[in-house]
Amino acid sequence: MKTLIRFGFSESQALYDIEGEAVTVEYAEQLIQDAADVAPDNGCYDKTDLMIVVDGRDVYGLRLDICAKHQGQDSVIVAHLAKSLTYYSGRLAEGGPFAKYVTPEHIAGIATALSAVRAA
């Protein structure tokens, strides 16, 4: 299984040149660290779109808010996906009006992306 991270739009100047490119998970984490080094440290963040690509197929898209707190943090992408999986699974389980926007397929997409990124 080949897992790549494709960068979309980012507010971070450190990522302007990478938009549209798919890179290894390890390199993506390094790029995120580079962006965190120049990210705001005043409560603001740089919105960045990422797509998890597994074996040439788009699996899950996400928005990562890169900020100074990511400096030195290991596995920023894994942490984001794990937090998202917990959050959305809980929302689906509790039902209510939000549940119609969170489908089992959405949860499966996050789980697939998390497994692929962890294995990379």
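Read-outs throughout are calculated quantities, based only on the coordinates presented, and are distinct from any laboratory measurement. Remember, predicted model here, so these are calculated numbers, not experimental data. All Cβ positions, glycine included, derive from the backbone under ideal geometry; neighbour counts span all protein chains shown.
At what distance in nm do the modelled label points of Glu11 and Ala68 sit from each other, each positioned 7 Å from its Cα along Cα→Cβ?
Rounded to a tenth, the inter-label distance reads 1.6 nm.
Just subtract the alpha-carbon distance of Cys44 and Glu26 from 0.36 nm times their residue separation and send over the number in nm, one decimal.
4.0 nm
Give me the dipole magnitude in Debye, nearest 20, for segment 36-104 about the Cα centre, with unit charges on the beta carbon: positive for Lys and Arg, negative for Asp and Glu.
Details: 7 positive and 9 negative charges, 68 e Å.
The dipole of segment 36-104 has a size of about 320 debye.
Give me the base-10 log of I(q)/I(0) for the chain at each q in 0.11, 0.20, 0.23 Å⁻¹, Debye formula, one uniform scatterer per Cα, rounded to two decimals.
-0.37, -1.08, -1.28
Considering Cα pairs under 8 angstrom that are at least six residues apart, work out the relative contact order of segment 1-75 and quote it in whole percent. Walk me through the numbers before you get to the answer.
Working: 142 pairs, mean separation 26.5, N = 75.
That works out to 35 percent.
Helix 104-119 sits at what angle to the longest principal axis of the chain, using alpha carbons and giving 0 to 90 degrees rounded to 10?
Rounded to the nearest ten degrees, it is 40.
Please work out how much length the chain gains when fully extended from Ser115 to Met1, using 0.36 nm per residue of separation minus the C-alpha to C-alpha distance, in nm with one decimal. Write down the numbers at each step before the final one.
Values: separation 114, 0.36 × 114 = 41.04 nm, distance 1.09 nm.
Full extension from Ser115 to Met1 adds 40.0 nm.
Between Ala79 and Thr103, how many nm apart are label points set 7 Å from Cα along the C-beta direction?
The two pseudo-label positions are separated by 3.2 nm.
Could you tell me which residue out of Val53, Thr24, Ala35 lies farthest along the dipole of segment 1-68 toward its positive end? Charges go on the beta carbon: Lys and Arg +1, Asp and Glu -1, centred on the Cα centre.
The one lying farthest along the dipole's positive direction is Val53.
Could you please rank Ser84, Ser10, placing first whichever residue has the fewest other Cβ atoms within 10 Å of its Cβ? Don't skip to the end; give the middle numbers.
On the way: Ser84 19, Ser10 22.
In increasing order of surrounding Cβ atoms, one gets Ser84, Ser10.
Suppose only helical runs count, i.e. DSSP H with n ≥ 4. What mean residue ellipticity at 222 nm does that imply for the chain under -39500 (n - 2.57) per run, divided by all residues and rounded to the nearest 500 deg cm²/dmol? Before the final figure, lay out the partial values.
Values: 3 runs with 48 residues, N = 120.
Calculated at 222 nm, the ellipticity per residue is -13500 deg cm²/dmol.
What are the lysines whose alpha-carbon lies under 18 Å from the alpha-carbon of Lys69, with same-chain residues fewer than 8 places away excluded?
Those lysines meeting the cut-off are Lys47, Lys83.
Assuming R0 = 41 Å, what is the FRET efficiency of Asp34 and Ala93, from their Cβ-Cβ distance, to the nearest 0.05? Walk me through the numbers on the way to the answer.
Values: r = 37 Å, r/R0 = 0.91.
According to the calculation, E is roughly 0.65.
Which whole number in µm²/s is D for segment 5-57 by Stokes-Einstein, with the Kirkwood Rh taken over Cα pairs at 25 °C and 0.890 mPa s? If you can, show how the numbers build up before the last one.
On the way: Rh = 11.4 Å.
It diffuses with D of about 215 µm²/s by this estimate.
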